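Every number in this text was worked out from the coordinates using simple rules, so none of it is lab data. Treat the numbers as computed from the prediction; the structure is a model and nothing was measured. Cβ coordinates were reconstructed from backbone atoms using ideal geometry, including for glycine residues, and neighbour counts include every protein chain displayed.
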Amino acid sequence: MARSCTYLQGAHPSPCAFRGPLFLTRTKGSDMADPELSPLSLLWVDGQPARLDGTNVTVVEQPDRHKLILRGEEDREFRRAVKACTGAALSFDADAVSGNDPCCMMLSPGEWLITSTTRPHLDRELAAVLQPMHANVFNANSAWVAFNLSGSNAHILLAQGCNLDLHPHEFPTGTFSQTTIARIPVLIFRPSGDHQFDLYVDRSLAMDLWLWLRETATNMTS
């Protein structure tokens, strides 16, 4: 059987269940800064994404963060092709992170979440360079929702519903984990910059997570 790369737009596995079947979801090109694509569209104000300002913590939806799933075999040719396209040297260690933007986070053996704020067509670019190989690229933009949390109370807010120790000594910059927050499966990543966290959640659970974040942030100020 010939080896080739498969590209699917809008297909993804659910967070924290990455070995399950693929689910097809609606996409609308690569312009993600569109309330029609957001399950939080009712919270957008004047075309700006959902935002929550609490005491020393801010939560902002990140519709311009492009997301894709990459699957491939662990071989030298595959590594070289991905690095040539993304600049990141893929790691095959559990929950490993490589690169900055694009950022590659290992979900399971042979599977990565790749995110970028500067490469809206990275999924197609990767599919092109991987075409001769046995690999899959899935555009997950409309499948997952990304949030950024910032502020000195960000880790305190998350700790109310997450069992991970998010102290900088235990969860430093560049750390990534698959976990749950208030029983909602999420991917959590600590990017560069003080007191920041990125969360990735299935779009069907995005509103549930948002409501929990809002209620918990409100209770922290009362």
Task: Residues with amide H under 5 Å from that of Ala88, placed H, sequence gap 5 or more - done: none
TODO: Work out from phi, with θ = phi - 60° and the Karplus expression 6.51 cos²θ - 1.76 cosθ + 1.60, the ³J(HN,Hα) of each residue of region 154-162, listed in order in whole Hz, and give x for Gly and Pro.
DONE: 4, 5, 5, 4, 5, 5, 5, x, 10
Open item on the list: To make sure I understand, if each residue's beta carbon is the centre and we count other beta carbons within 10 Å, what order do Leu149, Leu40, Leu164 fall in, fewest to most?
Closed with: Leu164, Leu40, Leu149
Open item on the list: Sort 208-216, 73-81 by the packing proxy (mean of other Cβ within 10 Å over each peptide's residues), most packed first.
Closed with: 208-216, 73-81
TODO: Output ³J(HN,Hα) for region 164-169: one whole-Hz value per residue in order, computed from phi by the Karplus curve 6.51 cos²θ - 1.76 cosθ + 1.60 with θ = phi - 60°, and x for Gly and Pro.
DONE: 5, 7, 9, 4, x, 6
